[in-house]
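The values are calculated or read from the model by the stated rules, or taken from the named source; none is laboratory data. Remember, predicted model here, so these are calculated numbers, not experimental data. Here Cβ is always computed from backbone atoms with ideal geometry, including for glycine, and neighbour counts include all displayed protein chains.
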Amino acid sequence: MSSAKSAAKEIAKLRQEIRKHEHLYYVLDEPEISDAKFDKLMNQLKALEAEHPGLVTPDSPTQRVGGVPREGFLTVRHSRAMLSLDNAYSFDELRDFDRRVREGIGRERVDYVCEHKFDGLSISLQYEDGVLARGVTRGDGTTGEDVTLNVKTIRSIPLSVDSGTLKKLKLPREFEVRGEIIMTRKAFEHANRQREEKGERLFANPRNAAAGGVRVLDPAKTALLRLNFFAYSLLVDGRPALKRHADSLAALKQMQFRVCADFAACRSIDDVEKYCERWEEKREKLPYEIDGIVVKVDETAVQAELGHTSKAPRWAIAYKYPARQETTVVNDIIVQVGRTGALTPVALLEPVQVGGVTVSRSTLHNMDEVERLGVQIGDTVLIERAGEVIPHVVKVVKEGKERKKFRVPEKCPECGSRIHKDEEEVAYRCVNAACSAKRKESLLHFAGRHAMNIDGLGEKIVDQLVDSGMVKDVADLYHLKLEPLAELERMAEKSAQNLLDEIEASKKLSLSRLIYALGIRFVGERTGQLLAEHFGSLDALKDASEEQLIEVPEVGPKVAASIAEFFSESANKKLVKRLVEAGLNVKEERKAPKSTRLAGKTFVFTGELSEYSREQAGELVTSHGGKVTSSVSKKTDYVVVGTEPGSKYDKAKSLGVAILDEAAFEKLLGK
């Protein structure tokens, strides 16, 4: 264990380095190191802080996600009302705003600042002694909800601001930053892919996703959404900190907040119009959604002179771009099978121009959405196109005379296998592992490093194998021949032979890897190991009932149902039979435990350990005769707690279960 003095120096150095890379990655979009190197720095810091808990500070990068889910939010009163903005829908209305401003202060000309109007959730960040103390939603404008733990997970929000920077800007250490929490298009698509895989309802748009993500009671769920923050206001004691709004934006940038990179000072309303026109054409290329431009009087003294109404400031306005919506007819509704096997209803539309793009189809997400909209074939619908995201149906505006109700097919339209639906999910699925719609994704997963480790089977080779018809499922890999393989693009006899050697070598890998490689829903590497150890053979696993599956440590009803469903599908039974015939290892060699030191003892792990992954720690327990489960009960003997423990820690305390830190765990192992 390092001394407190040397640890403090190392911790300070690591925090500075991590903050630098967070700023480069999340604010400037200019990363200098790989994710793996960043994670290594973070793990070093976590380990040191675990050794010296007295040195942990609220603004440490390790504190971005911490604590357990809350029961509700506290309300906080704003230092200055967070007002909404009046809207202008035409340049005439924009000029009316300019006239009112000039008449209000008796001037011929006024300086403005134009910024993108972010479509997200307004937030107030309050800093005390330079450290983030509170994050508060806009609420009703006067009071909002304290969502501090959630906003701390957003990595573009600094947890503290350097005192030297504040001194240079002549700012006090108590200040407030206001801005917008948003979800980028890329993060939105990633979140919806994850929700689709879990059978959850998809987010309708990035704004709803961002707003909902900030208001969940579990900060860990906010962290998963990869939200972003753009600052647009700097206040001290509830008043603008600097004489000009443009100066505040520049100061916020120096304080390492993310601000609209394309804000512009405009000397006249003509310049404002040109800015609005320019970004209407370019907004499609932005990585995030904007629905207009915010126009603000630059001088803060003039802002104060103009004041505000009960709802909105008189010195700012939002110029809203015309809605990109059109009406068209639903000619048909088809089903599209995604890479995870989820069936998505898609409306085939009478082609229509929306925002300069011809639209002929729109996703309907799932059957719940079809029923919510009440849409049928033949109806006239309102569609909306947001950025480059696939257009979606907003509502039915007119029912068709001969409208026809859409029904979910009983069989997969791609492979003819029967359709499955979990009662707890909205998605219908094809669980045939060899379904043509999932073929490429299944092959890549099967060949993955932690699965069958066929390194030479990359995306381009998989594309060629599938497109040429040489491979229809993973079992076909074991029947590939050298000559046709060598004829593929970018392949020669040597590389083809190397690939065949890797495929042959994969036959000897463990049963646990094969179980994981099959791509059974909810079955990861750890579950694959537990299933292999428990059943000992693929035959025993595929014939197991749900009741028998639940007996496996860490396998709950949801996972058991998914495994049973997979092996009940006739196409999957045939696939497994072909893999067995190809000579793959379908039996697990049961290892005798190193000792019986932990025999009869049940462990649960929570939080992050500094020396081991959860899987490694679990293997240590089982190698000494112990058992690992995923949930805490009265039957649990020990709960091993790392950094940032979850609700299992609280449950262990309430049940009186023995709690071990990492050092005590190692002592128990005899280390």
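Here is how the numbers come out for the structure above:
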read-out	value
Within the stretch 270-320, considering residues that are in a strand (DSSP E or B) and of a type in the set (Lys, Arg), the one modelled with the lowest pLDDT	LYS320
Residue selected from the stretch 365-390 under the condition within 21 Å of ARG185 (Cα to Cα) and crowded, with 18+ Cβ neighbours inside 10 Å, by the criterion modelled with the lowest pLDDT	GLY387
Those residues of the stretch 179-191 which are crowded, with 20+ Cβ neighbours inside 10 Å and either outside any loop (DSSP other than H, G, I, E, B) or not assigned by TED's automatic domain parsing to the domain that holds GLU289 (or both), in sequence order	GLY179, GLU180, ILE181, ILE182, ALA187, PHE188, ALA191
Checklist (1) surrounded by 15 or more Cβ atoms within 10 Å (Cβ to Cβ); (2) in contact with a helix residue (DSSP H, G or I) (Cβ under 6 Å, 6 or more places away or on another chain); (3) assigned to a loop (DSSP other than H, G, I, E, B) applied to LEU509, failing item	(2)
In the stretch 578-613, residue surrounded by the fewest Cβ atoms within 10 Å (Cβ to Cβ) [restricted to those that are in a loop (DSSP other than H, G, I, E, B) and aliphatic (A, V, I, L, M)]	ALA592
In the stretch 442-463, the residues that are touching a residue at least 60 places away in the same chain (Cβ under 8 Å), surrounded by fewer than 20 Cβ atoms within 10 Å (Cβ to Cβ) and not in a loop (DSSP other than H, G, I, E, B)	HIS445
Some residue of the stretch 90-99 being assigned by TED's automatic domain parsing to the domain that holds LEU235, assigned to a loop (DSSP other than H, G, I, E, B) and surrounded by fewer than 21 Cβ atoms within 10 Å (Cβ to Cβ)	yes
Filter result (within 23 Å of GLY338 (Cα to Cα), in contact (Cβ under 8 Å) with a residue 24 or more places away in the chain, part of a loop (DSSP other than H, G, I, E, B) and among the charged types (D, E, K, R)) within the stretch 368-419	ARG385, GLU388, LYS405, GLU414
Residue match in the stretch 146-168 (condition: farther than 25 Å from THR57 by Cβ and surrounded by fewer than 21 Cβ atoms within 10 Å (Cβ to Cβ))	no
Answer residue from the stretch 185-210, given it is of a type in the set (A, V, I, L, M, F, W, C) and within 14 Å of the chain's Cα centre (by Cα) and is farthest from VAL151 (Cα to Cα) among those	LEU202
Test: residue in the stretch 120-137 that is among the aromatic types (Phe, Trp, Tyr), in a strand (DSSP E or B) and over 29 Å from the mean Cα position of the chain (by Cα)	no
Residue within the stretch 547-568 that is within 34 Å of the chain's Cα centre (by Cα) and hydroxyl-bearing (Ser, Thr, Tyr) present	yes
Test: residue in the stretch 258-265 that is over 30 Å from VAL357 (Cβ atoms), in the same structural domain as ALA88 (by TED's automatic domain parsing) and among the basic types (Lys, Arg)	no
The listed residue being assigned to a loop (DSSP other than H, G, I, E, B) and modelled with pLDDT of 80 or more, out of ALA81, ALA7	ALA81
The stretch 251-296, subset touching a residue at least 12 places away in the same chain (Cβ under 8 Å) and over 30 Å from HIS23 (Cβ atoms), residue surrounded by the most Cβ atoms within 10 Å (Cβ to Cβ)	VAL272
